[in-house]
Amino acid sequence: MIKRKLTNFEFATLNYFVTRAFLVGMTFNALINVTKRDSWIIPLISIPLDILFIYIINKIIDYEPDLNLPQKLLKLFGKKIGTIIIGLICIFMLAMGILNYLTLNNFIQSQFLTRTPLLAVAIVLIITIFYILNKGINVIARTSNILFFINAFLFVISFTGLISSFDIANLKPIFMSSTNDYLAGINSYYAFHIAPMFLLTMIPKNKVNNPKIKSTLIISTIISSITMFCVIFATLATFGYELTALYEYPEFHVLKQATIVGATSRIESILVIQLIFDIFIYCTLILYFIGNSIKEITKFKKKNVIYFVLCILLLVGTVYAAKYNIYVDNLTKKIIPIISTIFTIVTTLIIYCKVKFNKLLKKK
């Protein structure tokens with residue numbers, strides 16, 4: 001239960017993190033795979049798509065503002081159909097959560113803790129997520145606020161520290177990708193950057209103090225898009241396409257080129273924390289979303305038990321998926337963006353159309 005209303009800024013920081021959550025190892029790699037040197041353009045040309053999606057989910061959030069998404073679905077579609085829709089959304093969310101958590105653990109293990117088993121890394125992180133989940137959305141939002149300021153500081157330091165390494169020639173020739181490449185890039189960007197905003201429909205509008213949901217989402221999403229543009233632009237301008245494509249985590253390795261007051265030694269280990277925060281908040285919100293959905297369907301009141309089971313599922317799913325990293329990587333670049341796009345568009349439009357239909361019935 002939300003004891004204190006969230007502020008618009010807290011709502012904005014949650015959106016900022018979830019829209020950046022797949023940048024490491026997924027969004028960037030998927031874009032490089034299809035649009036190559038032109039990858040830096042995708043975040044900019046996708047902003048109108050950001051705003052369109054925000055308009056749609058804002059209509060969903062506006063409907064019955066005292067209810068969260070599962071409660072709205074049960075009211076809109078009835079117990080049986082509503083439960084099926086909620087179940088499908090939860091399965092999809094859990095799968096995306098496992099994919100995201102796997103990326104986080106693979107990244108930490110491969111770049112920092114090479115001799116530590118992935119399971120050990122995953123357990124330490126899941127304990128932190130479980131603790132915050134039990135404190136509720138207020139603590140999640142406050143944590144997001146604190147991490148945002150740290151994130152913003154590290155981002156500014158990272159970008160300014162890389163400027164001296166830029167070589168604009170590395171971006172040439174531009175606009176060489178085909179129309180199909182751009183469409184594939186936009187699809188990947190939608191799947192990993194725009195679609196995660198759907199998570200925020202879990203928070204009832206009247207639980208936000210003086211809510212300005214649409215403007216809050218637009219501003220925070222544009223800021224998120226600009227930071228992602230800066231990361232991709234800085235990496236390509238520093239490394240060039242050929243070298244960028246060789247790295248598994250180019251957005252991390254480029255930080256090794258950053259200088260702070262002439263210092264370069266291992267500062268990337270500090271600067272990269274900003275990328276880890278994104279995934280951490282996203283995985284926490286995923287489990288919060290699923291946990292509250294299960295509570296609404298089953299009326300089971302012990303959230304700590306639900307969260308514990310979900311944390312175990314996330315942990316087991318991550319460790320199991322790690323055995324098939326090569327296949328997961330290929331799926332991330334080719335299949336998963338298509339599945340994510342189709343699922344979120346269809347689901348969102350069904351809910352949106354049902355909301356519009358119900359409003360029309362009320363007017364009659």
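The values are calculated or read from the model by the stated rules, or taken from the named source; none is laboratory data. Since we're looking at a predicted model, the values are computed, not measured. Positions of Cβ are generated from backbone atoms using ideal geometry, with glycine treated the same way; all protein chains shown enter the neighbour counts. All accessible areas refer to the heavy atoms of the entire protein, side chains included, with ligands and DNA or RNA removed. Shrake-Rupley method; radii C 1.70, N 1.55, O 1.52, S 1.80 Å.
Quick look at the values:
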item	result
Among the residues listed as L23, L44, the single one being open to solvent by 50 Å² or more (accessible area, probe 1.4 Å), hydrophobic (A, V, I, L, M, F, W, C), in contact with a Phe, Trp or Tyr (Cβ under 9 Å, 6 or more places away or on another chain) and in contact (Cβ under 8 Å) with a residue 24 or more places away in the chain	L44
Residue match in the stretch 64-82 (condition: assigned to a helix (DSSP H, G or I), in contact with a Cys (Cβ under 8 Å, 6 or more places away or on another chain) and polar (S, T, N, Q))	no
Scope the stretch 308-342; condition within 20 Å of A184 (Cβ to Cβ), surrounded by 13 or more Cβ atoms within 10 Å (Cβ to Cβ) and either modelled with pLDDT of 95 or more or of a type in the set (V, I, T) (or both); matching residues	V328, T332, I336, I338, I339, T341
So L331, is it closer than 16 Å to I126 by Cβ and assigned to a helix (DSSP H, G or I)	no
Test: residue in the stretch 152-165 that is closer than 24 Å to T347 by Cα, of a type in the set (G, A, S), touching a residue at least 12 places away in the same chain (Cβ under 8 Å) and part of a helix (DSSP H, G or I)	no
Pairs where the first residue, in the stretch 299-316, is closer than 14 Å to I123 by Cα and among the basic types (K, R) and the second is modelled with pLDDT under 95 and assigned to a helix (DSSP H, G or I), C-beta under 7 Å, 6+ apart	none
Single match in L113, L102 (criterion: within 26 Å of L243 (Cβ to Cβ) and open to solvent by less than 10 Å² (accessible area, probe 1.4 Å))	L102
Of residues in the stretch 68-94 being surrounded by fewer than 17 Cβ atoms within 10 Å (Cβ to Cβ) and in contact (Cβ under 8 Å) with a residue 60 or more places away in the chain, the one farthest from Y249 (Cα to Cα)	G87
Residue within the stretch 166-186 that is within 28 Å of T7 (Cβ to Cβ), among the hydroxyl-bearing types (S, T, Y) and part of a helix (DSSP H, G or I) present	no
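Rundown of residues vs (1) touching a Lys or Arg at 6+ places or on another chain (Cβ under 6 Å); (2) closer than 30 Å to G291 by Cβ; (3) open to solvent by less than 10 Å² (accessible area, probe 1.4 Å); (4) touching a residue at least 24 places away in the same chain (Cβ under 8 Å), yes/no style:
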| site | (1), (2), (3), (4) |
| --- | --- |
| L119 | no, yes, no, yes |
| I132 | no, yes, no, yes |
| N170 | no, no, no, yes |
| M176 | no, no, no, yes |
| L183 | no, no, no, no |
| M197 | no, yes, yes, yes |
| S215 | no, yes, no, no |
| I218 | no, yes, no, yes |
| T221 | no, yes, yes, yes |
